[in-house]
Every structure is written in structure tokens, then in C-alpha cells.
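Read the structure below first, then the notes.
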Amino acid sequence: MSDVATPLADASFDGFVSVSEAPRTGMISLRGDLSDTALREVCGAVTGAAFPASRGASLDGSHGVLWMAPDEVLLLVAPGSVPDSLDRIGTALSDRHHLAVDVTDARALISVDGLGVRDVLAKLTPADVSPGNFGPGELRRTRFAQVAAAFWMPTEDSARVICFRSVATYVFDLLCHAAAPGGEVGYYR
Amino acid sequence: MSRRLSQGGRLIDRSRTFHFTVDGRRYGGFAGDTLASALLASNRTLMGRSFKYHRPRGVVSSGAEEPNALFGLGTGDRFEPNQRATMTELYPDLTALSQNRWPNLEQDLGGLISRAARVLPAGFYYKTFLRPRVFWKHVYEPVIRALAGLGHAPAEKDADRYEHFNVTVDVLIVGGGVAGLQAARRAGAAGLRVLLVEQTAQWGGRAPVDGAVIEGKPADAWITGVLSELQSMPNVHMRPRTMGAGVYDHGYALVYERVTDHVSGAQGPRHRLWRVRAGRILTTTGALERPLSFAGNDLPGVMLAGAVRDYVVNHAVTPGERVLVVTNNDDAYRTALALSEAGVTVPAIVDARPGGGGALAEAARSAGLRVLTGTAIAGLSGKRHVTGAALCLQDGTGEVTEQIACDTVAMSGGWSPVVHLWSHCGGKLTWDVDEVMFRPDPNRPPTGADGRGFVEAAGAANGYLATADILGDADRAARAVTEALGRSLDDAPALQAEREETAPIRAVWTMPEKAPVKLREKMWLDYQNDVKVSDVALAAQEGFESVEHAKRYTTLGMATDQGKLSNINGLAILADTLGAEIPAVGTTTFRPPYTPISIGSVAGEARGDLFQPIRRTPLHHLHEAAGAVFEPVGHWRRPYVFPRDGETVAQAVEREILTVRHKVGLLDASTLGKIIVKGPDAGRFVDMIYTNKMSTLKVGRCRYGLMCSENGFLMDDGVVARLDEQTFLCHTTSGGADHIHAHMEDWLQTEWWDWQVYVANVTEQYAQIAVAGPKAREVLETVGGMDVSKDAMAFMDWADGALAGIPVRVFRISFSGELSYEIAVPASRGEALWQALRSAGETHGIAPYGTEALHVLRAEKGLIMIGDETDGTVVPQDLGLDWAISKKKDDFIGMRGQQRRELSRPDRWKLVGLETLSGGVLPDGAYAVEEGRNANGQRNVQGRVTSTYRSPTLGRGIAMGLVRNGPDRMGEVLDFPGTDGVVHRARIVSPAFYDPEGERQNV
């Protein structure tokens, strides 16, 4: 649909790593009992990904399950499949206390790609991003400079950063500042 | 004269000449020079003027402790004052300006003050400029400020960029001398994540200059070997030009990297501030040499002995042709030997100790150098540079025994461990009488959350001066840190280092010991602030006995160098004057940063557009394109008004209000908080959160509700929509969404953890657009897709549907008093809907309106605004909102608070409307006065204005206010004195100025 506006209008920037708005991704915030088999199964069913451990990011391509809190996951699905996914979750968990809401438009998703991606993250987040403590399969809910953000690494050389839509420009500009040429730290080799 | 030696210089590259400019004059230097070494090589020894007396000042040190050689570096938007020449690496076309002089450094008129120095003792300003009192502000202070002070503040916006960098490590090692290298090597071998930082560009510290021999190798060779070993360890990171600036609680440290200061025209960030979270911090920060206090010791040409050695060995620069060495310890003999080897004349070594030195003294004698023991300097000759020294007995009163011609004096008063980082977070010191130094007390380290020390000091920073001891202490500290972090360390044989037999240091606080006042008045303790031995003694005599008081009274240890050279000498003088022991006097507090760091590095990325996050609605760019004037609401920017060409802001606001009243307006209400509350206990929960009974709300309906704090004060308000049996959508104020979401989570997580309720803040999922005005329904019908008729959607109904093919949720609610629909749409479709509504409304004269029109529209209706009518001290009953407080509920948050006597007092200030008799506008915040005065002599008051506007609808000023017993006093006229001197008179009326029956919104 041409009248669907993404938060950053597909902005991109090339520094010593590249920063760009990731393709629009459907997002569902699901709160419930994460130990419940029915909940875990329906998460797998709508995303195609395994259920993650604490602080984990379980991904199958651009779809997956992100562990956000002891009672909350964020599901990444195709944008067009959000209503159907919500229906399936509602059906599967109809007799269980839970909350599932579409937050596709409440978030911005930014890709950071290239060697040095950890250095760029470390300029903005206090979370420990050293390889021994963080890498593909992990997720961190933290802050980037002055705002809340979460991130994960699809591969060793790339990261996805998720933030609130209203501060998408701020976070994008932060990442561009951090990735600007000449700012290579060379800390994470 | 100071000059470049023809040979040597371990740090310089003679094949690369750099030109640079100081005060407009061109000089040359080599790659590897500092600004200080290059100036000395060019025979420029006058480098600055002191703060108070404008005394001529030469470079005294070779490192971070430099108090004198301060320059303004760079020009224009890259100018930075107070930069130490000793820490400034030379780069091509460096531009520097000398400071604190007028008209120039050579002929400084301020230097005339120096002649009056004898009548300007400590506390002179405080005593002299007391009267007449008005003179301080208008005469004394401006004159003193013009004369005193060092560099000028930059006048232009900083052109450089800065950044932060967060790392988590097991061990942060501060100081890349041999102790730091050895400790890093050991901790690295144990598998710890190590960050080793060094403030200069070179690794190895003083060891190569001091001629250390480690494992049979010269220090340089040993260092090179260790560096390659460390570089091969993936768990060890090393950063030169990076200073440990501060140590804070829980192993947090700030580390300051000068990324591009040493390169001209570099692309990257200038400084990078590392925010390090370390399991343990190891300080291997070395030691600083102390000056000796003898008469005339501030003349250019008087330098620290270690610094003289540095310049000779590192840069092949001798500060003079005849260098007199004066000392109270063995180390300065190394300087004499280095000079002698370089072919520079050392006329004598003046040693205050009667017994003289150890092996190094023997070596000096063997080299043919003259050693005078038990001897001191009685005074120096020379006006702007040293020309000679008069000697005397150290134990005497200064009777001159001999004159020696010299152009440089290399002095050593002993070494003080750099204990700053150890002390920042509470590490205590112990006075070592034998070594004459404060050293870290291992029994009183700064402690972390586990009650154990988290900082360890090692090497010279821990009070060890011999290379073998330093390396052994580094091993010990590395082991302590490793084991504290739960790792083990293999035993390694102790490193072998050559050790000379040394004679003990002697404590020498003045030269000679029994110097009379005449000499003490010429002994400088603090070069930067012109504090002399006599000043500290005077402070003590005048009762400033605490070291902290003496510091502030005399300015000892203030300004950019923070007394790195002067503190120990100063407190020793204070102790001596008080007849107290040095440890009883103690040190002043060591505070971060170790040396000044740039404000830019502290700000990091947070400047310009990134200074603060700006929250933008999905329609923000449309408003910008429409020329909206924005106002901040929390971190949001909301359109205040949309002025058209030729309109003033006030005219535009009036037009927007009348458009809503007579046609139809569009408001971006996306910032309104939207919180989903869902679960079997959701009804029970909203009944507690709101003062109203919310659980009775029917699906498909909306209800206005109030939220109070536990104390009963009104906190937030908004419309609640019931989405289904278990789900409520709670709208909050724009600024309140995050806070209310946190408030709900707080209660759910800590008090009602067993209730089955989940909440989610979905504020940003939606763009929300209000369509308000008599033509609103027609506009929606033109857009098409939903039945919005009165029968299908009554006032306070909501419905899901589609408009212009876009999925929407429409709420029939009104904050303007007009027929109004608020339409929530997925944020990604907000722009499309906004455009569709604008096109559809064109024939009806639709126009966007901003927050100011919103405010006036609601005030005409007497509707309250959180933050205007409330200020954290107002309960709903004050605002006539008793109807929204359920009498049927057992409890809600704030209920008991409201029952307190003060909050249920009958004579509280309550909401009323106010109409000026003149028809004009009441000043915002004005107070209604009454008879009499209070205990402070102020007029008694009985109310105040909370909102005030000109209403274009009514053609007059309207206001709301809180007035004592207000609702019972309809028709009374109150006086509101304005700050303009005019007393505004206003009549108490109902706050519902317009359409009090609500007929217009209910159509």
C-alpha cells in the first residue's frame, strides 16, 4: 500500500557501518505466562521460530520471537499477517489470561550493518556488547543515549535496533553520528 | 640558552620537521616533540604568566602536572584555552597563543602587580575590597577579573564532534608504565578482560628515561617485548592518549581518550569519553616529582629534575647550558648524569642531605661532577630567567656560602605517588615518614557493593620507587585483582631488575630549613596561583587551620592543575606552622577529573539536533511543511498554531478557534496517551486507578475519568473506552502517558501482583486526529465508510470501522464543546487519513488547529487542563469534579488521602470562572488579594488565576481560577494586582462560559 508511511521513510546512511531503516515488519506484543506450552506453541506457529530463552532473540529470517520481559515477548511477523496472527493467538489462548496487541506502527526498526557494528552499539548503549556476553541469539532491552531501545544481532556483523516510533529520527541520527567516518574505535576486533 | 642537542632523542624523528606558530611567530620542531619540548628547542623559555601577579613563567614539568606552560590552542571554532604545552603533541601548523598577558607575553603590564606582591598576601582581596560595598560589584570585581584569570573562553561554537564509548571489563588498568604493562600481562594471562590506558602517546612511562634494566634488557627493549605480547592477547585492549579521569561507585570509571588532538585536520571525533564498568580498577599511575621551596624558585629556568631528564633523553633538548641540580633524594643524580652524558655542564649537585646520596651519587662523583652535601639554595639571581644561584647551608638561616653561575636549576623534592584515582571514591592514604610521601593505605581502599576494595594501586602509585619493587608490586596487585575476580594465576618467577643502593630521602619543606620571612616570601608553592610559603603560614596564623580552609583562603591547589605540584609541600608548611604532624593535617579532597577534560567529551553526542530526543507524531512533517509554530509538550513537539501568510500568531489562534466554532477544525491528538488494560481483573483495577466507577462502563461507550495520587491529588485525566468485557483503553494526557503507564505497572507489580491484569502502552501505535466543529459529521460522511450519524454513534460512543478505506476507531468525544470525533488510525496510515480529511473538508472550510486554540476552546467550556488548573496540590473536589468521584466504591487510589482534614476543609480554594469588568484579559498566575498582610509583610491572598485567554467566541477575556469558597461567592468582584502596577478587577462567575448545557456537542 503506497499510503503506508514507515517512521523513517526508508532513510539510509553509509558510514564505517551502514545505517538504514529495516523493511516494515509486523510486531505483536504478547504478555502472558511464558512457561505455558500453548503460548509457546502459538508463538512458534505464527513466527516459525523456536521460543527463546531469557534475554534471547530467536529468529527465522526476519520473523521471530524476542524475549522482552519475564512475562512478555515481541513477535516479528510479516506486516500483512498481523490480524491473522492476533486471531490465532486469541484462539489458542482464549481460556488463558494474556494480552496481545499490534505494535507494528508503534516501533521503528533500524539495521546497522558492517564490521564494527559492536563499536557503534557501544557508543550508545551501556549494555555489555562484548562477544563473550552478547551475540547472535541474544536480545538486550536497554537505552540508546537518552531513549529506550532494544537490539539483537542477526549475524556477527549486523544489528537490528528497535525503538519507539516517535524517536525514530533521534535514534537514526544517533546511529549515524556513531557510525560517521573517522569514528572507528577498533575495540571489538 | 635552551637548545636542541645534536644527538639522541628517543621520541623524536629528526627527518620530519613540523612548523608551528606561537603568538604569530613561526617555530620548527620534530615529529615526536611536544609543544613544550619544541619551544625549549627553539630557546623559548618564557611560556606564560601567573594568575595573580603576572609573574613570568617557564615550563616546569614534562607531563600532566604542568602548572605554567598553558596556551590557547587552535583558532576560531577550534580554539581551546589552558592547554598544557607538555601534553600537546606537535603537529604541522599547530597554532598557539600565550595567556594572561597584555599587551604581549614579553611586556606584560600586569607584571607591575608583581612589584606589589609584598603587599598582596593571602586574603588580600577579602580584606581590602570590603568597602564601600557597592564598589565590589561595579569597580573591584570587574578590574580584578580583567587582570586575573588564565585563558579566555572560546567565542565560537565548537566545530568538533565528540562521543562516548561504553565498555564492561574485568580490570581497568590506568597507567601504561612498566607496572601497568606487567599487571596487564599477568591479568591478561589469567584470561581476564583487561583495558589498559595510558595518558601519553608512549608506553613504558619513566623507566626508559630512568635507565631501568629489566631481565637484563634495557627498559625500551623489555617494553617492546611486553607490548607485542599484550597485542597478541585478544582479551587485552590498550589505548594510548587515554587518561583515567575519574573513579566512581561500583567500579564505574570515566576514561578520556584524545582521539585526534595530535593530528591536524582529522576526520574523526576529537575526544571520546569511555564509560567503563570494571570488576576491579588497578591504578598504576606513577608518581609526580615535588618542587623544592627555595627563594626565587618560580623563575623561568627552574624545573623539576625528572622533567629536565625527560627533555634531554626523550627530545634531545637541554633547557640550559649550565644546569645546577638541587635535591633531597637520590633520583635527581640521574638528571645530573644524563646531562653530563649529553655534554651539558652541571656546575654542581646541591644535596640537602648531610650524608649525600648512595650509588648514584658515587657515579656522579666518578663522572667528575661536584657534589655539595648539606647544602641548599639561598636564592636565585635573574629577573626573567635564572642567571645564577646563591648557596647556603640547609640547616642554617640562609647565609650565602657560594655563588654559582647557571641558567637552569633542576630540582627534586622527592616523589609523590599519584593517588588521585585511588582517592576519588574514598580510598584513604597513609603517611610514610621514611619515604616522605602519602601512599594508598591498603587497609582502607574504596569499597564496592560487596564491602571489598574495588581499586588496587601498584608500582610508584603505591609508593614503590625502585624498578624491581615496582614490578614486584605489579605482580602482587595483578594477583590480588585476579583472585578477587574468582580467577587463578599461575606462579611466575619474579622479574629481575637492576637495583642501585640508595640513601634515604630527607624531608625538606623549605630551603634553608630556618629560612627567615624575607626568603619565605620568595618561595613559591603554587606557581599557577602565586601562593607562597609565607601565604600558607599566614593563613594558618589567621585561623584557617583546616587544610580545606587554607586551600580556599590562599587558592593553593586551585585552577587547572589542582595543585599536583603544590599540595604536599603546602600542607607540610601548614603542618609545620601549626606544629602538627603531616598526617594530622591531611590532604584536600581528590576529585575527578584527574586533569581537565573537555566539556564536549562530557556532552558526547548530545548537542545540536541530538541534544535532546524530540518526539515526533506521525503527522509532524506535515505540520512542519504547513509552517506550524511548535511548542514542547514533554519531549513531544506539538503545533501551537498554524499561522498563514500575513497573520500574527494571535490572529491565527483566533481564526482557528472560530473555524472550530463555526466550521470544522482538524487537530493532531496523536500525543494523547493510550494504555490498554486487559484481564479478568481489569474492571477491578480501573476502579482503583480512577476515582470514578469505571467497571460499569458498557462496551462501545466512553467515560471521562480522573486519576489521583495516593495522597489524593489530581494527577491525570482522560477518556476511557471499554473495548470488550476484559479490555479498557485508557487515554491519558500527552505528557502523562509514560508516567501513568509506570504508575499502573507499579501498582500491579508491587501491590496487586496477584490480580490478573496486563497493561500495554500503545500510544505510538496510533495517529489520532480530532475533527471538531459543526461540519464535522459532514466531513466524515464525505470521506465515507462509516455511519457516524447521531443514531449510529451517540455522544460518548466509539466504534471500529473504516474511513476512506483506512481502518479506524472513532470516538465521539469532545474537548471543544462542538460536535467532535476523535479518530485513531494506525500510525503508518495517519498521513493518508489526514490528507483525506483535509480534502473532504475543503468545501466546509476545514483547517488544522493547534494547542493554543485547543486550550481556549476548552476554557470557553470551563473544562480543566492538567497542569493549568492542577499543580500537584489540587484535589478533584477543588475543581468541582465531585461528580467524578464515586461514592459507591470501597476504595480507590487517593480516597483516603482526600479524607484528610486539610483536603476536605470547607474553605479550600475552588474553581470558578473570572470575568474582568473591563472585558480585558487577566494576567496569568495573578493573585486575588484581600485585606491585611501576613507575617512576612505580604498582602494576604484569597485566590489565583490558573488559565486566562481572550475568547474570540465571546469577544472578551475569560479566565479560570481557584478562589477561597469561590463557588459560594458568585458575582463578587476581586482585585488582581498585576506586575504592571495595574489592579485588574474581575467578577466571579461560572467557569462554563459557553454553551453550558452542552447542546452544541450533542447533535
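The values are calculated or read from the model by the stated rules, or taken from the named source; none is laboratory data. Quick caveat, the model's predicted, so the values are computed rather than measured. Here the Cβ is made from the backbone with ideal geometry for all residues, glycine too, and neighbour counts use every protein chain on show.
One table, with the values for the structure above:
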| read-out | value |
| --- | --- |
| The range B:615-626, subset buried (at least 18 other Cβ atoms within 10 Å of the Cβ) and not charged (D, E, K, R), residue farthest from the other protein chains (Cβ to nearest Cβ) | B:His623 |
| So A:Ser111, is it hydroxyl-bearing (Ser, Thr, Tyr) and not assigned by TED's automatic domain parsing to the domain that holds A:Ala145 | no |
| From the options B:Pro445, B:Pro440, residue that is in contact with a helix residue (DSSP H, G or I) (Cβ under 7 Å, 6 or more places away or on another chain) and not assigned by TED's automatic domain parsing to the domain that holds B:Trp509 | B:Pro440 |
| Selection count where residues are hydrophobic (A, V, I, L, M, F, W, C), part of a loop (DSSP other than H, G, I, E, B) and within 38 Å of the chain's Cα centre (by Cα), scope the range B:486-533 | 2 |
| Residue tally, condition within 16 Å of B:Leu723 (Cβ to Cβ) and of a type in the set (Val, Ile, Thr), over the range B:787-814 | 3 |
| Given (1) free of Cβ contacts under 8 Å to residues at least 12 places away in the same chain; (2) buried (at least 17 other Cβ atoms within 10 Å of the Cβ), number of the condition A:Ser35 does not satisfy | (2) |
| Residue tally, condition within 20 Å of B:Asn329 (Cα to Cα) and either part of a strand (DSSP E or B) or touching a helix residue (DSSP H, G or I) at 6+ places or on another chain (Cβ under 9 Å) (or both), over the range B:391-411 | 7 |
| Residues satisfying the stated conditions in the range A:138-152, i.e. touching a Lys or Arg at 6+ places or on another chain (Cβ under 9 Å), among the charged types (D, E, K, R) and within 13 Å of chain B (Cβ to nearest Cβ) | A:Arg140 |
| The range B:388-429, residues that are among the polar types (S, T, N, Q) and surrounded by 15 or more Cβ atoms within 10 Å (Cβ to Cβ) | B:Gln394, B:Thr408, B:Ser412, B:Ser416, B:Ser423 |
| Residue match in the range B:850-857 (condition: outside any helix (DSSP H, G or I) and either away from chain A (no Cβ under 14 Å) or more than 25 Å from B:Phe685 (Cβ to Cβ) (or both)) | yes |
| Cβ-Cβ under 7 Å pairs, at least 6 apart or on other chains, the range A:110-137 side within 14 Å of chain B (Cβ to nearest Cβ) and touching a residue at least 24 places away in the same chain (Cβ under 8 Å), far side assigned to a helix (DSSP H, G or I) and aliphatic (A, V, I, L, M) | A:Val120/A:Leu175; A:Val120/A:Ala178; A:Val120/A:Ala179; A:Lys123/A:Ala178; A:Leu124/A:Leu174; A:Leu124/A:Ala178; A:Val129/A:Leu121; A:Val129/A:Ala122 |
| Residue in the range B:700-711 that is surrounded by 17 or more Cβ atoms within 10 Å (Cβ to Cβ) and either in a loop (DSSP other than H, G, I, E, B) or within 14 Å of another protein chain (Cβ to nearest Cβ) (or both) present | no |
| Residue, modelled with the lowest pLDDT, within the range A:100-120, restricted to residues that are over 14 Å from the mean Cα position of the chain (by Cα) and aliphatic (A, V, I, L, M) | A:Leu115 |
| Flag if B:Glu822 is in the same structural domain as B:Phe630 (by TED's automatic domain parsing), surrounded by 22 or more Cβ atoms within 10 Å (Cβ to Cβ) and within 46 Å of the chain's Cα centre (by Cα) | yes |
| Strands (runs of 3 or more DSSP E) fully within the range B:713-763 counting 3 or more residues that are modelled with pLDDT of 95 or more and within 11 Å of chain A (Cβ to nearest Cβ) | B:758-761 |
| Residues satisfying the stated conditions in the range B:73-108, i.e. in contact with an Asp or Glu (Cβ under 9 Å, 6 or more places away or on another chain), hydrophobic (A, V, I, L, M, F, W, C) and buried (at least 19 other Cβ atoms within 10 Å of the Cβ) | B:Leu73, B:Phe79, B:Ala85, B:Met87, B:Leu90, B:Ala96, B:Leu97, B:Leu105 |
| Scope the range A:1-22; condition away from every other protein chain (no Cβ under 13 Å) and touching a residue at least 60 places away in the same chain (Cβ under 8 Å); matching residues | A:Phe13, A:Val17, A:Ser18, A:Val19, A:Ser20, A:Ala22 |
| Test result for B:Glu605, surrounded by fewer than 16 Cβ atoms within 10 Å (Cβ to Cβ) and either under 30 Å from the mean Cα position of the chain (by Cα) or not β-branched (Val, Ile, Thr) (or both) | no |
| Pair list, Cβ under 9 Å, 6 or more apart: the range B:625-652 residue outside the structural domain of B:Tyr849 (by TED's automatic domain parsing), other residue among the hydroxyl-bearing types (Ser, Thr, Tyr) and in a strand (DSSP E or B) | none |
| Candidate set: the range B:503-533, residues that are at pLDDT below 95 and among the polar types (S, T, N, Q); chosen: the one farthest from B:Gly211 (Cα to Cα) | B:Asn529 |
| Among (1) touching a residue at least 24 places away in the same chain (Cβ under 8 Å); (2) more than 11 Å from every other protein chain (Cβ to nearest Cβ), the one test that A:Thr155 misses | (1) |
| Near pairs, Cβ below 8 angstrom, 6+ apart or cross-chain, from the range A:169-189 (at the interface with chain B (Cβ under 8 Å from one of its Cβ atoms)) to any residue that is β-branched (Val, Ile, Thr) and assigned to a helix (DSSP H, G or I) | A:Ala178/A:Val120 |
| Out of B:Pro643, B:Pro639, B:Pro632, sole residue that is outside any helix (DSSP H, G or I), within 14 Å of chain A (Cβ to nearest Cβ), closer than 30 Å to B:Pro952 by Cα and not charged (D, E, K, R) | B:Pro632 |
| One residue from B:Asp261, B:Asp298 being touching a strand residue (DSSP E or B) at 6+ places or on another chain (Cβ under 9 Å), part of a loop (DSSP other than H, G, I, E, B) and under 30 Å from B:Arg193 (Cα atoms) | B:Asp261 |
| Scope the range B:764-808; condition touching a residue at least 40 places away in the same chain (Cβ under 8 Å) and within 13 Å of chain A (Cβ to nearest Cβ); matching residues | B:Glu764, B:Gln765, B:Tyr766, B:Ala767, B:Gln768 |
| Selected residue (criterion: farthest from the other protein chains (Cβ to nearest Cβ)) from residues of the range B:223-259 that are closer than 24 Å to B:Leu90 by Cβ and surrounded by fewer than 20 Cβ atoms within 10 Å (Cβ to Cβ) | B:Thr224 |
| One residue from A:Ile89, A:Ile162 being more than 7 Å from chain B (Cβ to nearest Cβ), more than 20 Å from A:Pro7 (Cβ to Cβ) and in contact with a strand residue (DSSP E or B) (Cβ under 9 Å, 6 or more places away or on another chain) | A:Ile89 |
